[in-house]
Amino acid sequence: MQSFIDDVCSRNGIAKKTISKESLNVLLQRDWPGNVRELRNAVERLVILSPGTTIDISVLNAFRGTPGQENADSLEVSGTFQDFKERAEAAFIKKTIRDI
C-alpha cells in the first residue's frame, strides 16, 4: 500500500504521505472486486484528498461516502486527472467551509 502512495506522490509532485494504521486496516478489510487496479485508483484519490501528510480515517470516511452525498460526484473516475483534482478540491473546500 505504501508503495502505491509513494508512487502517486512522486508522479504528482506531492509531498510524501503515509497512511494511518486505522485507515490501512479499513482498506485491507474491504473487498476489492477490481483487484489491484481498483485499489491503486482508490489510493490515488485518497492521496489527493488528504490535506496533510497522513491519510487518516476522516479522509477515508469522506471517500467512502454513499451515493447522493455532496462529495460523491467528486470521487467519480471520469474525465482527466486534472478534472478529478478540481472536483476533489471543490468538495474539500465546501466541506471545510461547512465545518467552520
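The values are calculated or read from the model by the stated rules, or taken from the named source; none is laboratory data. Bear in mind the structure is a predicted one, so any value in this text is a computation, not a measurement. Note: ideal-geometry Cβ built from the backbone for every residue, glycine included; neighbour counts use all protein chains shown. Heavy atoms of the whole protein, side chains included, go into the accessibility calculation; ligands, DNA and RNA do not. Shrake-Rupley method; radii C 1.70, N 1.55, O 1.52, S 1.80 Å.
Considering the stretch 5-38 alone, what residues qualify as being in contact (Cβ under 8 Å) with a residue 24 or more places away in the chain and either of a type in the set (Val, Ile, Thr) or closer than 18 Å to residue 87 by Cβ (or both)? Listed by number, the residues that qualify are 5, 8, 12, 14, 18, 19, 26. Among residues that are open to solvent by 40 Å² or more (accessible area, probe 1.4 Å) and closer than 19 Å to residue 84 by Cβ, residue 41 is included. In the set (1) at pLDDT 70 or above; (2) open to solvent by 30 Å² or more (accessible area, probe 1.4 Å); (3) more than 11 Å from the chain's Cα centre (by Cα), residue 78 fails one condition alone, (1).
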